[in-house]
1. Among residues belonging to the range 144-157 that are closer than 21 Å to ALA206 by Cα and outside any strand (DSSP E or B), point out the one that is least open to solvent (accessible area, probe 1.4 Å).
2. Just checking, which of ALA77, ALA63, ALA84, ALA53 is surrounded by 14 or more Cβ atoms within 10 Å (Cβ to Cβ) and touching a residue at least 60 places away in the same chain (Cβ under 8 Å)?
3. Quick one: which strands (runs of 3 or more DSSP E) sit completely within the range 1-120 and have at least 1 residues that are of a type in the set (Lys, Arg) and either over 25 Å from GLY188 (Cβ atoms) or at pLDDT 95 or above (or both)?
4. Identify, please: which residue in the range 117-143 is open to solvent by 40 Å² or more (accessible area, probe 1.4 Å) and in contact with a strand residue (DSSP E or B) (Cβ under 8 Å, 6 or more places away or on another chain) and is, among those, farthest from LYS176 (Cα to Cα)?
5. Restrict the check to the range 177-190 and report whether at least one residue is of a type in the set (S, T, N, Q), open to solvent by less than 50 Å² (accessible area, probe 1.4 Å) and in contact (Cβ under 8 Å) with a residue 24 or more places away in the chain.
6. Residue pairs, Cβ under 8 Å, 6 or more apart or interchain, first in the range 196-208 and on the phi < 0 side of the Ramachandran plot and open to solvent by 50 Å² or more (accessible area, probe 1.4 Å), second β-branched (Val, Ile, Thr) and assigned to a strand (DSSP E or B). List them.
7. Restricting the search to the range 114-164, which residues are among the small types (Gly, Ala, Ser) and either within 15 Å of THR197 (Cα to Cα) or without any contact (Cβ under 8 Å) to a residue 40 or more places away in the chain (or both)?
8. Please go through the range 171-206 and pick out each residue that is polar (S, T, N, Q) and under 18 Å from PRO113 (Cα atoms).
Amino acid sequence: LAAGEGTRMRSSLPKVLHPVASRPLLAHVLQAAPQGEGARLAVVIGPDHQAVADEVKRIRPDAETFVQRERLGTAHALLAARAAISRGADDLLVAFGDTPLISAQTFARMRVPLKEGAAVTVLGFRAADPSGYGRLLMQGNRLTAIREHADASLEERKVTLCNAGVMAFDGKTALKILDRIGNANSKGEYYLVDAVTVARDMGLEASVIETSEDEVRGINTKAQLA
């Protein structure tokens, strides 16, 4: 997902094209994404972001680009690539274009629970100070919901297991889950994190793969900009 404007950066350059270690943020993610036989890559960009589309083609000529013409949330952005998702796949990996330290190894780890029967996998981490992060709410080994900090109860805010933003879906049920995500929230947007609750309500399993807080601070540029 690479449609963000990066308004907090106060720059006319799309956020994902800002350089880190001499390469655009997006370049790091594209190179970590699965490659080779059987892998397909879809990149969702914003309207009038031809420079982003050009960068995608330069780095990954095999990639398709799709435009999110209205900004109606992260799930809405993902469904801008419906044509690619609907072709079917064993699994669907979702990452943001501004997460430069995501690794191929992390992507591989995200796929393991899907092979074991999970419908959704979320990358999580234990935060020393979880303020501002979405909380991963568990019942035993099952992930039941992702609660944004602003919406969390006082008890839920004590949870230190937090959302790192990267998600994976079983290809057989991905569209069924995504199509059931609603926009009954204060912003009227379709949030990808609601996929966990939808999966639970469908009787499907959601799980967590944990990583370190240090890695997440590298992955999550929003944490750096906050």
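1. Looking at residues that are closer than 21 Å to ALA206 by Cα and outside any strand (DSSP E or B), I get ALA152.
2. ALA77
3. Fully inside the range 1-120 and qualifying: nothing.
4. ARG126
5. No, the range 177-190 contains no residue that is of a type in the set (S, T, N, Q), open to solvent by less than 50 Å² (accessible area, probe 1.4 Å) and in contact (Cβ under 8 Å) with a residue 24 or more places away in the chain.
6. Every condition considered, the pairs that remain are ARG200/THR144; GLU205/VAL120.
7. The answer is ALA118, ALA119, SER131, GLY134, GLY140, ALA145, ALA150, ALA152, SER153.
8. THR173, THR197
The values are calculated or read from the model by the stated rules, or taken from the named source; none is laboratory data. A quick note: this is a predicted structure, and the numbers were derived from the prediction, not measured. When we count neighbours, we look across all protein chains shown, and the Cβ atoms used for this are built from the backbone with ideal geometry, even at glycine. Please note that ligands, DNA and RNA were not included when accessible areas were found on the heavy atoms of the full protein model with its side chains. Shrake-Rupley method; radii C 1.70, N 1.55, O 1.52, S 1.80 Å.
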